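Below: the structure, in structure tokens.
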Amino acid sequence: MTIILVMGVAGCGKTTVGEQLAAHLGVPFQEGDALHPPSNVAKMSGGTPLDDSDRLPWLQIIAGVIDSWRVAGTGGVVTCSALKRRYRDILRAGHSDVRLIYLRGSRGLIGERLAARKGHFMPPALLDSQFATLEEPTSDEDPITLDVGLAPEEIVKQAVER
């Protein structure tokens with residue numbers, strides 16, 4: 001059973017990579033942003049970054065999805081910014097069956113992508129707060145770190161190979 005958490009700042013390509021990876025593996029996919037409560041979406045849409053108290057209920061919902069896949073034995077791929085170690089700890093809940101795929105890229109490249117993105121509630125103005133909050137995963141978290149400058153298909157290929 002494979003449970004994969006695709007993480008990184010807004011605009012790094014989590015949804016695109018996550019959907020393709022789930023399709024390749026034949027497992028369910030869950031877009032973490034779709035699980036934000038309306039109050040979080042309103043706050044971000046208005047240009048205000050979320051704080052830890054905003055994120056906790058959202059992270060608990062995502063952890064519940066992960067747990068449901070574990071119980072069902074299906075595995076799955078979920079996307080979530082998971083910017084801080086403590087957020088990832090909530091999502092992994094001490095289980096070693098959740099693998100991290102960290103999509104890493106420069107502020108410049110991701111900023112360009114975010115500015116070009118249409119129809120998402122996360123405004124480009126919040127990207128700096130995402131980078132300021134980001135605690136890159138450390139070796140003890142055993143992340144698969146991939147460069148967002150690659151084509152999504154190449155990112156998926158490298159993720160599967162690792």
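The values are calculated or read from the model by the stated rules, or taken from the named source; none is laboratory data. Please read these numbers as outputs of a predicted model, since none were measured by experiment. Positions of Cβ are generated from backbone atoms using ideal geometry, with glycine treated the same way; all protein chains shown enter the neighbour counts.
Enumerate the pairs (first residue in the stretch 29-40 and over 15 Å from Ala63 (Cβ atoms); second residue anywhere and surrounded by 18 or more Cβ atoms within 10 Å (Cβ to Cβ) and of a type in the set (Lys, Arg)) with beta-carbon separation below 8 Å, excluding pairs fewer than 6 apart on the same chain, so at least 6 apart or on different chains.
Between residues of the stretch 29-40 that are over 15 Å from Ala63 (Cβ atoms) and residues that are surrounded by 18 or more Cβ atoms within 10 Å (Cβ to Cβ) and of a type in the set (Lys, Arg), the close pairs are Asn40/Arg55.
Would you confirm whether or not the stretch 44-62 contains a residue that is among the hydroxyl-bearing types (Ser, Thr, Tyr) and within 28 Å of Arg162 (Cβ to Cβ)?
no
Inside the stretch 1-52, can you point out the residues that are among the hydrophobic types (A, V, I, L, M, F, W, C), touching a strand residue (DSSP E or B) at 6+ places or on another chain (Cβ under 8 Å) and part of a loop (DSSP other than H, G, I, E, B)?
Cys12, Val27, listed by residue number.
Here's the yes/no breakdown for (1) at pLDDT 95 or above; (2) among the acidic types (Asp, Glu):
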| position | (1), (2) |
| --- | --- |
| Asp97 | no, yes |
| Gly108 | no, no |
| Gly111 | no, no |
| Phe121 | no, no |
| Ser129 | no, no |
| Glu135 | yes, yes |
| Ile144 | yes, no |
| Glu154 | yes, yes |
| Glu161 | no, yes |
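What's the number of the only condition in (1) farther than 21 Å from Cys12 by Cα; (2) in a helix (DSSP H, G or I) that Arg86 fails to meet?
Tallying (1) farther than 21 Å from Cys12 by Cα; (2) in a helix (DSSP H, G or I), Arg86 fails exactly one: (1).
Let me confirm something: among Leu103, Leu25, which residue is modelled with pLDDT of 95 or more and crowded, with 20+ Cβ neighbours inside 10 Å?
When all the criteria are applied, what remains is Leu103.
Does Gln60 satisfy the condition of being more than 17 Å from Ala132 (Cα to Cα) and touching a residue at least 40 places away in the same chain (Cβ under 8 Å)? Give the steps one after another, and end with the answer.
Values: more than 17 Å from Ala132 (Cα to Cα): yes; touching a residue at least 40 places away in the same chain (Cβ under 8 Å): no.
In short, no.
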